[in-house]
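Input: a single structure, listed below in structure tokens.
The values are calculated or read from the model by the stated rules, or taken from the named source; none is laboratory data. No experiment lies behind these values; they were computed from the predicted model shown. Note: ideal-geometry Cβ built from the backbone for every residue, glycine included; neighbour counts use all protein chains shown. These area figures cover heavy atoms from the full protein model, side chains too; ligands, DNA and RNA do not enter into them. Shrake-Rupley method; radii C 1.70, N 1.55, O 1.52, S 1.80 Å.
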Amino acid sequence: MVKLNVAACLFFSSLGIAAQSQQGAGDYAKSVDLDEVNVISTRAGETAPIAHTDMSKEQIESLNTGKDLPFILSMTPSVTLSSDAGNGVGYTTLRVRGVDPSRVNVTVNGIPLNDAESAQVFWVNIPDFASSAENIQIQRGAGTSTNGAGAFGATVNIQTTRLGTKPSFGLDLSAGSYGTNKETFHFASGMLANHWAVQGRISHIGSDGYIDRASTKLHSYFLQGGYYGDKTVVKFITFNGAERTYHAWNYTSKYEQSLYGRTYNSCGEYYTEDGVRHYYDDQTDNYHQQHYQLLWNQIIDSQWNMNVGLHYTKGKGYYEQYKANKKLYLFGINEEGDYSTKGDIVNQKHMDNDFYGFIASLNYDNKEGLTASFGGGWNEYDGDHFGNIVKATKGVYEPGFKYYDNNAKKTDGNIYAKVNYEFLKGLSAFVDFQYRNTELKMNGPCDEFDDDYRQIVFNQRYTYDFFNPKFGLFYRPNKHNNIYASMSIAHKEPTRNDYEDNLGANLKAEKLVDWELGYKYLSSKFTAGANLYLMNYTNQFVLTGQLNDIGEMIASNDNSGKSYRMGIELEAAYKPVDWFRWDVNATFSRNRNKDWTVNAAEEGTWDDQGTLNLGETRTAFSPEIIFNNIFTFQYKGFKAQLQSQYIGEQYMTNTGFRYAKVAFPEGDWKEIKMTLSDYFTNNLDLSYTFKLPSIKSATVGVTLYNLTSLKYDNNGWAYCEIGKDANGKPFAWTDTPYESGFAPQAPFHFMAHLSLNF
């Protein structure tokens, strides 16, 4: 398959170089408009009263040096991220305003990218996708109506690269610390016969990871072909990702790090009978995801345009793991009535899924202050989940025995209508109505057992109907000043993970009422803005601090009740001279659960002490200060960029406790940490671009990460019990010092780059 793709790339590239483009500047502008038709309906426009940030292709390319796409977005307002491997390659996550990834809607060309069941985007499944992005818009808050998973805190809208009019090809190479390397070959045919074009990319990314054994092997391609008419663009796009990553999602306690070092990784660990520690070589995640999109963009006349998109995604893979000293009946290896025998197990958990559907929109612009979009989409997901036994140290079994097998189906449909009308000069009103229906069915035995040793069998169906209205005003008194205000209502259904991780709990759909008030000043040398937000939640799913069996954060709304996120986002950019630019943004927020309740247990005895209301507590993984600063120096072909970031303290539970009391194995009573400390990091990017006789442009550079070699953690997990002392005052306690884990990030490291464009 890879050989075929390379051959196709070289063939179309040679065709493009031989072809002479006859398309003029006016035609190219029209083709750009046509390419953007498919994202117009789901993006915030220039006068939309929505807090958003746009990243251009140039900005994306300047940051795309090998790390995953969340790191490219990390310098935008209110964003935090994590990396399991510790160096930004492999499993990474993106949070916006403290909202976890399952509540961040992501689309590519208006087509949903979120996994239909977990509602997350696993960026490791589409490696180097930033190399195929034309631009990205990040909407904060409820945002505008979009397709797919409900936008419940943020929306990331990616438009893939335009086909372009001129033939080209190029090679991007990066290599650096921890065996990290990235190779990308890209090509574009240019216009063929004035109407046709082909463009593509092949990429490989590899890394040993900073954390022990956290290796990553990623392969991907992106290929698109299109027809351009006077008023029509039809594009077929396909892209994929194949990944093999060693597990690094357990994280480790500070106590374990004190014994085995900061890069200690417990995944795959087991002991032989003589007590020697080993690690299982195939403790890996293996997944292949293939995407297909067929897009039709049509300009009907000077005021109307439309788009239709069909999509299909095939996902298939498994993760394999060594599980030491586990009860065999949990894997179907036992004799009748034997629920106590333990042994070591190697098992595989498989997923085999299909996701398909369509989107459509009709867009109107009378060129006199009235714009409107009418659209929607329908998606169907069909996923099989099953587990196999590879081997076991005890018991009688057949290799490959399937010990659980269930299926999930999810249907998601929505329709929306948006109108933006300038009813007075400079003053516009925005109205956005969306109706969304979703249904989830789960059937078959899962890998969980009840208290009576019976395997739990899914036979569940959940249906939700949501109405999500949005209203806003935008006022531009002159060319330098913009003021806007909006109110939005959004809803979000529980995910499959929510149901699985909270079996028996009374889960409810979430509701968000989002208020935004913003101001922007714009001039040729200086821009600045401020955005106030208040996000009031009912039944918000908040991260509990715990992880499930595959390292995913467990969220719950069983006791969250009312909660809120409020804050101010500040942005500014200053360019006093051609060779210097200063960008800065900061978020100051308050994130609270209003009445967090827990079941108290007496320390050491686990005796029930009744229900405790802890009052207003800090929301987990929601820093109250985020600060980003970028200094950019550019002179002729030389460019230097210093990026600085500060992330405030993050609580890892919703209890409001920074520490939990615990007896260490040595017999000492100590406290274990339940928070992520604040951190301040600096990166420096240096590059020089020049021309050679046979090369359009060549760029050499190096990126120096974490200049001060700070030892910090950007993710973790924690679990604690709450007890009452003799005076009835609550305190946190645990049984062992292993009840909080941390994701250490790499100290100083670097990546060198070479980019050649022909």
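Give, as residue ranges, the strands (runs of 3 or more DSSP E) completely inside the range 159-264 that count at least 3 residues that are more than 30 Å from Met674 (Cα to Cα) and open to solvent by 40 Å² or more (accessible area, probe 1.4 Å).
Values: elements: 168-176, 181-188, 196-207, 216-228, 232-246.
Filter on the range 159-264 gives 168-176, 181-188, 216-228, 232-246.
Results for (1) closer than 26 Å to Val700 by Cβ; (2) in contact with a helix residue (DSSP H, G or I) (Cβ under 9 Å, 6 or more places away or on another chain); (3) open to solvent by less than 60 Å² (accessible area, probe 1.4 Å); (4) of a type in the set (Gly, Ala, Ser), shown as yes or no for each residue.
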position: Trp606; (1), (2), (3), (4): no, no, no, no
position: Asn613; (1), (2), (3), (4): no, no, no, no
position: Pro623; (1), (2), (3), (4): no, no, yes, no
position: Asn629; (1), (2), (3), (4): yes, no, yes, no
position: Gln634; (1), (2), (3), (4): yes, no, no, no
position: Gly637; (1), (2), (3), (4): yes, no, yes, yes
position: Gln641; (1), (2), (3), (4): yes, yes, yes, no
position: Gln650; (1), (2), (3), (4): no, no, yes, no
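Looking at Phe355, Phe401, which one is touching a residue at least 12 places away in the same chain (Cβ under 8 Å) and either surrounded by fewer than 16 Cβ atoms within 10 Å (Cβ to Cβ) or touching a Gly at 6+ places or on another chain (Cβ under 7 Å) (or both)?
On the way: Phe355 fails: either surrounded by fewer than 16 Cβ atoms within 10 Å (Cβ to Cβ) or touching a Gly at 6+ places or on another chain (Cβ under 7 Å) (or both).
Just one listed residue meets the conditions, Phe401.
Quick one: which of Phe588, Phe627, Phe633 is within 17 Å of Leu676 (Cα to Cα) and assigned to a strand (DSSP E or B)?
Step by step, each of Phe588, Phe627, Phe633 is checked, and only Phe627 is within 17 Å of Leu676 (Cα to Cα) and assigned to a strand (DSSP E or B).
Can you name the strands (runs of 3 or more DSSP E) wholly within the range 707-758 that have at least 2 residues being of a type in the set (A, V, I, L, M) and more than 26 Å from the chain's Cα centre (by Cα)?
Details: elements: 713-718, 721-724, 730-733, 740-744, 749-757.
The qualifying strands (runs of 3 or more DSSP E) are 749-757.
Is it fair to say Thr53 is open to solvent by less than 50 Å² (accessible area, probe 1.4 Å), over 26 Å from Ala752 (Cα atoms) and either modelled with pLDDT of 90 or more or in contact with a helix residue (DSSP H, G or I) (Cβ under 7 Å, 6 or more places away or on another chain) (or both)? Steps first, please.
Working: open to solvent by less than 50 Å² (accessible area, probe 1.4 Å): yes; over 26 Å from Ala752 (Cα atoms): yes; either modelled with pLDDT of 90 or more or in contact with a helix residue (DSSP H, G or I) (Cβ under 7 Å, 6 or more places away or on another chain) (or both): yes.
Yes, satisfied.
So which residues in the range 694-706 are open to solvent by less than 30 Å² (accessible area, probe 1.4 Å), polar (S, T, N, Q) and not in a loop (DSSP other than H, G, I, E, B)? Reasoning before the result, please.
Taking the range 694-706 and keeping what is open to solvent by less than 30 Å² (accessible area, probe 1.4 Å), we get 695, 697-698, 701, 703, 705-706.
This time we only want the ones that are polar (S, T, N, Q), so: 697, 703, 706.
Correct list: Ser697, Thr703.
Give me a count of the residues in the range 658-708 that are basic (Lys, Arg) and without any contact (Cβ under 8 Å) to a residue 12 or more places away in the chain.
Initially, the range 658-708 is screened for residues basic (Lys, Arg), giving 658, 661, 670, 673, 691, 696.
Right, trim to without any contact (Cβ under 8 Å) to a residue 12 or more places away in the chain and you get 691.
Final tally of qualifying residues: 1.
Filter the range 345-388 down to the residues that are of a type in the set (S, T, N, Q) and either part of a strand (DSSP E or B) or in contact with a Ser or Thr (Cβ under 8 Å, 6 or more places away or on another chain) (or both) and list them by number.
Once the filter is applied, which keeps residues that are of a type in the set (S, T, N, Q) and either part of a strand (DSSP E or B) or in contact with a Ser or Thr (Cβ under 8 Å, 6 or more places away or on another chain) (or both), the range 345-388 yields Asn347, Gln348, Asn353, Ser361, Asn363, Thr371, Ser373, Asn379, Asn388.
Assigned to a helix (DSSP H, G or I) and among the hydroxyl-bearing types (Ser, Thr, Tyr), is that true of Tyr329? Lay out the reasoning, then the answer.
Details: assigned to a helix (DSSP H, G or I): yes; among the hydroxyl-bearing types (Ser, Thr, Tyr): yes.
Criteria met by Tyr329.
So which residues in the range 595-624 are outside any strand (DSSP E or B) and among the polar types (S, T, N, Q), if there are any at all? Don't jump to the end; show me each part of the working.
Looking only at the range 595-624, we keep the residues that are outside any strand (DSSP E or B), and these are 595-596, 602-607, 614-616, 619-624.
Of everything in the range 595-624, those that are outside any strand (DSSP E or B) and among the polar types (S, T, N, Q) turn out to be Thr605, Thr619, Ser622.
Would you point out the residue of the range 60-104, among those that are surrounded by 24 or more Cβ atoms within 10 Å (Cβ to Cβ) and among the acidic types (Asp, Glu), that is farthest from Thr263 (Cα to Cα)?
Only one residue tops the list, namely Asp68.
Here are some residues: Ser563, Ser524. Which one is at pLDDT 85 or above, closer than 29 Å to Phe471 by Cα and touching a strand residue (DSSP E or B) at 6+ places or on another chain (Cβ under 9 Å)? Spell out the reasoning first.
Working: Ser524 fails: closer than 29 Å to Phe471 by Cα.
After applying the criteria, what remains is Ser563.
Of the residues Asn727, Asn683, which is open to solvent by 20 Å² or more (accessible area, probe 1.4 Å) and either touching a His at 6+ places or on another chain (Cβ under 7 Å) or at pLDDT 95 or above (or both)? Steps first, answer last, please.
Working: Asn727 fails: either touching a His at 6+ places or on another chain (Cβ under 7 Å) or at pLDDT 95 or above (or both).
After ruling out the rest, the residue left standing is Asn683.
So the check is Cβ under 6 Å with 6+ separation or different chains; which pairs have a first residue in the range 470-481 that's basic (Lys, Arg) and a second one that's part of a strand (DSSP E or B) and surrounded by 15 or more Cβ atoms within 10 Å (Cβ to Cβ)?
Lys470/Asp432; Lys470/Ser488; Arg476/Asn482
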